[in-house]
Amino acid sequence: MTKTYSVLLSALFCLFLGGICTASLLLPKRTFSPLENRYLAKPPALSGEALTSGTFMQEAEDYISDHVAGRDFWVGLKAWSERLSGKRENNGVYFGARDTLLNRVEGPDREKLARDVGYVNTLTENLAVPVYFGLIPTAAQVWADRLPAGAPTADEAALIQEAYTACQASVVDLAGALEAHREEDLFYRTDHHWTSLGAFYGGNALLTAMGLEPLRLEDFPKTTVSTEFYGTTFSASGVRWVPPDQIDTYVPADGVQVTSYFKGEPEPGSLYVDRFLQEKDKYGYFLGGNQPLCVLTNPTVQGPRLLAVRDSYTDSLAPFLTQRFSQIHLFDLRYNLNSVRDYVEEHDIDAVAVLYSFSNFASDRNLFLLGR
């Protein structure tokens, strides 16, 4: 390599870095990344304490990383380089078979898991109505055959069984219901949630556990509302080569009255909120996304009143439940600090179901509220 050639390469490299730095400084700063589905870092606050503790430099690095020019391109390039180097994982997401992105599930804190099951037991003891407890396995468990060979992930089946053995509530065999249909599209390939089809099988598992008549899928025509869904797993992975998912519905919204409490006060809601189909977070199409409380009423059904202590998986399950319950009260412990016991008594609830995905149950810090 000649000296002139070395100088030229160095000059081009410096020019490239200078161009990136200049563009990063001059381009408008974004507050939110739709592709990554997260808020970007804010400028670090300068203070003596921040400088001495090292937090200023950490926040500065995060800010620079989040606002570098062409960030979406560099994130995708990193994922491609990981794939080409033979790695089958990026940012905790496995590159699975059949264009499936699978979140790695870490082994939970066993003491926390036992403690949280204890809170379900306390709720069961405090209520005069039956309580049902169901944990939804993740796609990494149900679609374990799609994982890269030797990919480590928690043994959810054993952990769910351990939780069920210690639980005094009536348990719901959601894992068995999904396992029986594992070859079907039970989960989105680019998102951690189950699909409407997966929610259908989960709903029937709950109905069976409660002694109610299961639904028949053939009674509900499938409607595809979007073919351009890229979910949260896609956002975290940096992967850009998998095709999008489609979102389907089965139960029509006609006749179901929905009252939402996004800001703590009742307001008209809907089973499906069409505006989310134009946004990145299309899963919000179901009920409009997370909220402290949501009440669904079906005047045509002469069934019991159900309170579901829920996470986001319940949003796509709720339409099916409206076919067997006269009222469904979706109670989210992350945003609703009211006593579940008092709520059940005040609203003449006939049964309570504590329904969570396994990964959410293992990480939730609000389950102690069940014992209030």
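The values are calculated or read from the model by the stated rules, or taken from the named source; none is laboratory data. Keep in mind that this is a model prediction, so the values were computed, not measured. Note that we place each Cβ from the backbone using ideal geometry, even for glycine, and neighbour counts take in every protein chain shown. The area values use the complete protein model at the heavy-atom level, side chains included, leaving out ligands, DNA and RNA. Shrake-Rupley method; radii C 1.70, N 1.55, O 1.52, S 1.80 Å.
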Self-check item: Taking N as its residue count, the alpha carbon Rg of the stretch 281-372 over 2.2 N^0.38 Å
Solution: 1.05
Quiz item: Does the stretch 86-146 come out rounded, prolate or oblate by the C-alpha gyration tensor, with a ≥ b ≥ c the root eigenvalues, rounded set by a/c under 1.5 and, if not, prolate when a/b is larger than b/c and oblate if not?
Solution: prolate
Quiz item: List the aspartates and glutamates whose alpha-carbon lies under 19 Å from that of K280, not counting same-chain residues fewer than 8 positions away?
Solution: E36, D66, D72, D191, E228, D245, D248, D315
Quiz item: Per residue, how many Å² of accessible area does the stretch 213-316 show with a 1.4 Å probe?
Solution: 45 Å²
Quiz item: How do the peptides 208-215, 186-193, 175-182 rank, highest first, by the average count of neighbouring beta carbon atoms within 10 Å per residue?
Solution: 186-193, 175-182, 208-215
Self-check item: Dipole in debye (nearest 20) - the stretch 252-296, about Cα centre, beta carbon charges: Lys, Arg +1; Asp, Glu -1
Solution: 120 debye
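Write down, largest first, the equivalent ellipsoid semi-axes of the stretch 286-339 in whole Å, where each equals the square root of 5 times an eigenvalue of the alpha-carbon gyration tensor.
19, 12, 8
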Quiz item: Quick one: net charge of F325's neighbours, Cβ under 10 Å, K/R +1, D/E -1?
Solution: +1
Self-check item: Cα pair count fraction exceeding 23 Å, expressed as % - the stretch 103-216
Solution: 35 percent
Exercise. Mind ranking 220-228, 152-160, 288-296 by how tightly packed they are, going by the mean number of other C-beta atoms within 10 angstrom, highest first?
Key: 288-296, 152-160, 220-228
Quiz item: Round to a whole number: what % of the accessible area of the stretch 256-302 belongs to carbon and sulfur, probe 1.4 Å?
Solution: 47 percent
